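The values are calculated or read from the model by the stated rules, or taken from the named source; none is laboratory data. A quick note: this is a predicted structure, and the numbers were derived from the prediction, not measured. Cβ placement follows ideal geometry from the backbone for every residue including glycine, while neighbour counts extend to all protein chains displayed. Only protein heavy atoms, including side chains, enter the accessible area calculation; ligands, DNA and RNA are left aside. Shrake-Rupley method; radii C 1.70, N 1.55, O 1.52, S 1.80 Å.
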Amino acid sequence: IYATNDIGTAVSQPYSMIDASFAATLTELQDKKRLTRLVDPSPLVVCTCKGGAMNVAGMFPPSKSIDIIMSPDSEKPNSNRVEITLKHVLVVNNLPVPIHLGMQKSPDFVDAW
């Protein structure tokens, strides 16, 4: 899937985000066929999209992470792949994309490149 990121934007945060409906389809994020129990984000955060507040359902607990494989060149998706484990992920209701990567400030990307 394609994901958005915060590279080149003026606003960044120490989290990545995943759409709640998309997250519920991923078996590794389920607990007894339901989305795993979420925890409150720490620190608390307000997410906005085009000026409007988005509903943050919670955050995955430290025991749940998402492994992704990224390719920096969408024209050559099999070149220079990097595997990242996302541990700081907000679950957002009705996020306009499946995943948004907080690459500027998230500790998940410190040693990625």
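Observations on the structure shown:
- Accessible solvent surface per residue of the chain, calculated while the other protein chains remain in place, 1.4 angstrom probe, Å²: 65
- Cα-based convex hull, the chain, per residue volume (Å³, whole number): 112
- Residue-span extension gain [Thr25 to Arg81] - 0.36 nm each, minus C-alpha spacing: 17.7 nm
- Positive-end residue of Asn80, Tyr2, Asn94, charge dipole of the chain with Cβ unit charges: Asn94
- Counted charge near Phe60, where neighbours are those whose Cβ lies closer than 15 Å (Asp, Glu -1; Lys, Arg +1): -2
- Length gained when the stretch Ile7-Lys50 is fully extended (0.36 nm per residue, less Cα-Cα span): 13.8 nm
- Spin-label model distance (nm) - Ser71 vs Val97, 7 Å beyond Cα toward Cβ: 1.7
- Over the chain, relative contact order from alpha-carbon pairs under 8 Å, at least 6 apart, %: 43
- Against the rule of thumb 2.2 N^0.38 Å, how large the Cα Rg of segment 1-62 comes out: 1.23
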